[in-house]
Structures are given as C-alpha cells and as structure tokens.
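Contents: one structure, followed by commentary.
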Amino acid sequence: MTRLEMIPADKATVVITGARLLDPVEGLDVTAELLIVDGVVAQIGDSVERPEGARIVDGSRCTVLPGLVDPHVHLRVPGQEYKEDCATGSASGAAGGYTTILSMPNTAPTIDTGTTLEAALDRAREMAVIQTGFLAAVSTDRAGESLTEMRDLAARGAAGFTDDGSPIASARLMRRALQYARPLDLPIALHEEEPTLTKGGHMHEGAISAKLGLGAWPGIAETLMVARDIRLAEQEDARIHLQHISIRESIEEIAKGRERGVRVSSEASPHHLVLTDASVRTLSGNFKMNPPLASDDDRQALIDGLRDGIIDCIATDHAPHAVHEKEVPFEAAAFGVTGLETALPVLIQELVEPGHVPLATILRAMTEGPCNAFDLERPALRVGAPANLAIWDLEQTWKVGDKPFKSKSANSCFIGRKVKGRCLLTISGGQLSHDEMDAKGLGVVA
Amino acid sequence: MNDGRRHLLGMSDVDDTDIERILETAAGFEDVVVRDVKKVPTLRGRTVVNLFYESSTRTSSSFELAAKRLSADVVSVKAAGSSVDKGESLKDTVRTLNAYKPNIIVIRHPQIGAAHLTAKWSDAHVVNAGDGKHQHPTQSLLDLYTIKKRLGRLKDVKVAIVGDVLHSRVARSNIEGFQMMGLDVTLVGPPALIPPGIEEATGVKVSDDPESMSEADVIYVLRMQHERMEPGQNFVPTLREYARTWGVNSRRVKPGQVVMHPGPMNRGVEIAPDVADSGVSLVEDQVEAGLIVRMAVLYDLMNRPSIGTVIDFRERTGEWGAA
C-alpha cells in the first residue's frame, strides 16, 4: 500500500445515530448506528455502545457514505502555495466528502527527486486534514527527456508516476518508463495529448471553436496517444492509468485494450461528464481546462463508459488558480478548474437525479476504482475498517458559490449551478476533517 | 446582470432591424463628412476612449475621426508606450480609464473576449473594434453599407469570402452579418484555413475549389494573417502556391463582379495589384464607409436607448458567464 500522510491528531470517538449507511461495494444499505473508536469503525448495529466522552451525532435524515478517493488533485505543493496548499486543498477535499487524495507533481520545482517528494510528504503530514499522497514525475522537470529515479521515488512513497499537465511525447521514453516501472508495480498515469496537434489550442475543435475563432485541437489528439500507450503497455505488460479521458474514440480504444487484457484504468472528471464546449461561448476562463470540454456526443460516451465500467474512476483534476490567472481574456487564462467541493453534488444533480447513472456506480468510481488503480486502502463502512467516511444530507440542494470555498481558489466551472447533496461531516483516518452538521436539513438552499 | 447599457461586442448583438437602422443613420452622415465644416454637435460633452492593443490604421483613425466629427472628446490610448508596457493587466487599464467616466470605450485587443471583459469591468458602452480572431462588428457593418451602396441591394447577393477564414475576425463577423441580411455566403480557401465545424456552426457553404469564386457577385478577399500563424503549421506549402491557386487577380475576376478587402492588403499574395487598383475594387469605398458607419454606431449607442433591440450581448444570448 502507498504511503499517505495527514496530521496525526486526536482520533475522535463518535457515535452516528439514525443515519442510512450506504456502501455499495460492501453491499451495505441499512439504517443503523455506527461507532468509531480509535480511528476504526468499531460497531455497526441497531444500537451501538456509547463510550464515555463520545460525540453523539444525530444522523437522522442523513446518509453515511464511505470517504471518497480522488486520484487526481493539484495541491500545488511545493512552490505554488499562492494557489493552494496542503491545508486548504485537503480541507477542500474534506468538504467534498473525500478522505483520500493523490496530488500531482507538476509543481515548482517538479516532484522528480526523492528529496522533493519527501518534502511534499512532510508538508502533508504537517498540514493535511485528510490522507494525502503524491505521484512523482516520470521525467526530470517533466521535460520528457530523461527518466526520474523511479526506484528511489517508489521507495520513498510515490503513489505512482505521471508527467501530468504534459504528455510524454516520445514513444521511446514512454516505453522505457513502462519497462522500468513494471517491477515496481506502480501505475504510470498519463495525460494524453499529441502535442503537435494541440499546440496553440485553447479549446476543443468543432462548431463552437469555428464560431469563436479560438485556437482549438481535435479530439483525435487524445485518442492517438491513448491508442499508442495502450499498445505500449500491452507490449511491456505494464500498468497504465489514463487521466481525464474526454473523447468517445478514446473510450473505444480503452474498451478494446481491456478486452485484450491490457492493465489499463481510466478516469473521467465531473466537468467532462456534465459540460460541453458550448460553455466556452461565455468566454469565461472558468471553462478553460486541459483536456478541453468536448462535444455532447463525447460527453454521452463518457456517461456510457462510466455506466459500463470502461471508465472506472471519477477524478476531479482539482486545479486551483489565482484570480489574476483566470480573470483575463480566454487565451491568456490558465488551464484548469477546481472540483473537490462540488464533485459528488454535481454528479448527483446531473447524472443520478435524471437517471443517467446509478448512485452506486458513481460511488464505486469514487472509491473502489481509484483504490484499485493506485493500490490504496479502500474506505469502507465495515467493522474493523479505518474510519474514512462522511455524513451527507443527500436531499439538500444548494448553489455553487453561495458558500465560500475551502480551497484557496474559486475557479470552479460550476459557480451559479444548482447541485444536490451536501457533505456535513467528514472523518478521515478517525480524525474529524470537516464539520458542517449545523447545515443539516436546510432543504433547498439554492 | 443587464444594467441597460448597450454594447456592440459582436454581430450577435444586433439583428436585421438594428443593421437597417445603423446603415440608414450612416447614409445620413454622408453629407456631413464632405461639407466644409465636417462636424455635428451630436456627442458634444461626451467622452470616447479608444483603447488599441493592436496596430491599426483604418480602424483606429476612423473611430477617432468618427468621434470627433460627432463633437465628442476623444482619448486614444495605444498599448505601446502605455502602462501595458509595464505589465499592467487589461482589468487595471480598463478600470483606470473607466475612472474618467467615458461614455463609450472602443477597444481592439489581440485576444478573444477582451471587449466582453471591458464591458464587464467598465461603466461605459463598449464597441469591439476587433478581439483576436473572434469579432469585428463595425467592419461587417461597413462592408454591408459598401455592398448596398454599390449593388443597390443586400438580399440574395452572392458573396465568396476567400482565403484565411481560420484567423479572420472579419470573416466571422461578416458570415453573421451577411446571413442576417439575406446574403448568400460561400467560403473559399485551402482546407486548413477553413475552420472545421464552420458549416455546422453557421450554415455557410464551403469550397476548396477556387473556381467557385466565379459564381459570386462579390469576391471578399481576406488577408493572409502571417502574424497569427505559428511556424511549422504548414497551412499552405508556400505563399507562391497560395497566390497562384486562391489569389485574386484580373484573370479570376469575371465581368460584373466586385472585389472587397478589409485591409491591410498583401499585394501579390491574396490580391494582385491589377485588381486592387482597378475599378472593380471597393477597397476605398470600404474605408469611406468605415467613417460614417462608425459615426452611426457611436450615435446609435448614445442616442437610441429605447428604439430597436437593445445591443447587449448578455441579454441577447443569456450566455454571459459567471466569472
């Protein structure tokens, strides 16, 4: 299992009463009480013990879900703490019901040496309120030229490797990385983008870009690299994880690879599952991300892929940016949007409520999927499991942006949208990470 | 969000009624610009700021002159030599100029959406004088004026827009404006310079066959925009081959056809000198129309708050984003 860090704090003794306990992976859906002692789920039952000093949380009309796991977060540590840091980023995750996040190494400096990785992990240990891991870079400076010391990085706790933010343009380097990483049995996470096709692009190529005149790149820029890397992983018998998939034909390539037995996992982001390039017509920098929002046909394929299990992870690609990096003309705006605090509420509102995807499927893709892809301990509502869970008011409707973000940045593409489901309290590794229980039962706040 | 201010940020801010009205107003200014005292008091006491982040001859001079002909106080700011050189953001520059309480800000900027942000950050009416490859609405209005004046009509006039559509804000505004007024638009050029999806987005016809220009009443020639092309893109192999294939020369132009160009021209590339300097060229007519049409736009924004459709991108489309 990968090394994850958080503040070693007092582990709360908590009794949650009257709540629905829902964990599809465990096959659990009951209304019962749940006792947490010493960081572990100690009892689940009609009437659990009430140890002295325990906090009794009235969970009536609430649902307890396993803690969510996000394999793709930018904590901006080290070096870009003006955008986010381990404290604000992890608090943002806790507010979204996450108990485990993995942070990307496209930092300043890049996390490409053991000492930088150790420093980042130390930071998380000092500041993070949920379990936090880091991926290390595949190539030095993410320049795509020479491999990092992957064995050293693995020994020091890297959760995997990625040059996220950039593709690995060289097929030769990609092959060498797969060969070298294979005995480490850690996945290489891939940002799939054929760079000569995406150069100068700010959005997805299609009718909207034609009308706006914005530099655009074709969907095939992603699919070509997906196809290449699935073939390379197959040849080298290595594990790959495909990040933020956004294009129909890429999903077809993944499905074909899976059929041949290639060890490939893949993720989709809430924004790609919910929005399309039509949003770019606002010319707001909050709709600029990489990969860009694609067509509605691509979005439908992502939803189908999620339902069918081809897409096995939901990842936010939480990418905080300061106001001055986004409140500029679209072409000058930085790529990326935040997402931790809105992920499940957006998906409940847009996919579960209209009946497109069952909640159980979404929860699997936010727990089991990423844990399988990155060998993480799966948060579970099970006696004896570490207490990684959150209490939700799944009936509450609220408007994104109405309450302040816990993240240091506010570049959400969902600002102003009505969403459903509010995380009230989060416990990560037995520690109270988020507490908004007083917002319970507010009903429709939007 | 809509505070009643009217803007001209793109051609989607106007409809055919607005265009008819603006062209009529412009016609009314024809005699003002030729008489001895070339001035009317219409905008006396009003302030117009021209904010130009890109080099421009026609557009900046005609906007400045248009405002002066209407007796407005005019401040022209060019990015070169201003605080922009010191790294000032667009927002801070706009906020600074807004402090002078201008009635109208005219902005040209190399990036798409700059005019929309200016409208958001200021209290003025905003006119987009070109934002990157996106929109240049006053160019479309002056082109419509020019066509109507020469051909006597707009409806069913066949226009071939030729060349570098991909990088052209003029083409994007004209596709919209021409279609609104019932002209029949075909885009002609090498495949890589016609943006994929433009047919779906607008309903225009597209052709890579230079012969299809022969069908048109108006050949509208676009400038090859080298400055917006990244090295290695290979949109066309060479300018020589482009000129030989899609360049408009006297052999290409059929009797009865007229030729337009928004300028500046690359003579010998997209247009041959024997066409540019001939009687079929409407290039100077376009420049003349530019002055009076811009006068009409400034007048319209300031004086017709309740007539016609409100010129406001946000109200018209409901797409004004939250950011």
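Considering every residue within region B:190-205, establish whether at least one is of a type in the set (S, T, Y), out of contact with any Ser or Thr (no Cβ under 7 Å at 6 or more places or on another chain) and outside the structural domain of B:R251 (by TED's automatic domain parsing).
no
Only helices (runs of 4 or more DSSP H) wholly contained in region B:99-202 count here; list those with 2 or more residues that are small (G, A, S) and within 12 Å of another protein chain (Cβ to nearest Cβ).
B:114-121, B:169-180
Based on what the data block shows, is B:I219 under 22 Å from the mean Cα position of the chain (by Cα) and part of a strand (DSSP E or B)?
Spelling it out, B:I219 is indeed under 22 Å from the mean Cα position of the chain (by Cα) and part of a strand (DSSP E or B).
Scan (1) open to solvent by less than 20 Å² (accessible area, probe 1.4 Å); (2) under 21 Å from the mean Cα position of the chain (by Cα) for the single condition A:R417 breaks and write down its number.
Failed condition: (1).
Tally the residues that are more than 20 Å from B:Q179 (Cβ to Cβ) and open to solvent by less than 20 Å² (accessible area, probe 1.4 Å), restricting the search to region B:1-28.
Looking only at that region, the number is 3.
Quick one: which helices (runs of 4 or more DSSP H) sit completely within region A:245-329 and have at least 1 residues that are under 17 Å from the mean Cα position of the chain (by Cα) and surrounded by fewer than 24 Cβ atoms within 10 Å (Cβ to Cβ)?
Result: A:270-274, A:296-308.
Consider B:R108 carefully, then state whether it is charged (D, E, K, R), surrounded by 18 or more Cβ atoms within 10 Å (Cβ to Cβ), in contact (Cβ under 8 Å) with a residue 24 or more places away in the chain and closer than 21 Å to A:E331 by Cβ.
The answer is yes for B:R108.
Please state which of the following conditions A:R176 fails to meet, knowing it meets all the rest: (1) over 23 Å from A:N372 (Cα atoms); (2) touching a Gly at 6+ places or on another chain (Cβ under 6 Å).
Just one mismatch for A:R176, condition (2).
Among the candidates A:Q396, A:Q349, which residue alone is touching a strand residue (DSSP E or B) at 6+ places or on another chain (Cβ under 8 Å) and open to solvent by 10 Å² or more (accessible area, probe 1.4 Å)?
Among A:Q396, A:Q349, only A:Q349 is touching a strand residue (DSSP E or B) at 6+ places or on another chain (Cβ under 8 Å) and open to solvent by 10 Å² or more (accessible area, probe 1.4 Å).
Among the residues of region A:196-211, count how many are open to solvent by less than 60 Å² (accessible area, probe 1.4 Å) and either assigned to a helix (DSSP H, G or I) or at the interface with chain B (Cβ under 8 Å from one of its Cβ atoms) (or both).
Of the residues in that region, 7 qualify.
Hey, B:V94 hits all of (1) within 14 Å of chain A (Cβ to nearest Cβ); (2) modelled with pLDDT of 95 or more; (3) under 26 Å from B:H226 (Cα atoms); (4) out of contact with any Pro (no Cβ under 7 Å at 6 or more places or on another chain) but one; which does it fall short on?
Here B:V94 meets the rest and fails (3).
Take the residues in region B:263-296 that are under 12 Å from the mean Cα position of the chain (by Cα) and of a type in the set (V, I, T), then tell me which one is surrounded by the most Cβ atoms within 10 Å (Cβ to Cβ).
B:V293
For region B:56-83, which positions are in a loop (DSSP other than H, G, I, E, B), touching a residue at least 24 places away in the same chain (Cβ under 8 Å) and not aliphatic (A, V, I, L, M)?
Listed by number, the residues that qualify are B:S56, B:T57, B:S71.
Could you please let me know if A:V25 is free of Cβ contacts under 8 Å to residues at least 40 places away in the same chain and β-branched (V, I, T)?
no
The values are calculated or read from the model by the stated rules, or taken from the named source; none is laboratory data. What you see is a predicted model; the values in this text were computed from it and never measured. Positions of Cβ are generated from backbone atoms using ideal geometry, with glycine treated the same way; all protein chains shown enter the neighbour counts. Heads up: the accessible areas ignore ligands, DNA and RNA and are worked out on the full protein's heavy atoms, side chains in. Shrake-Rupley method; radii C 1.70, N 1.55, O 1.52, S 1.80 Å.
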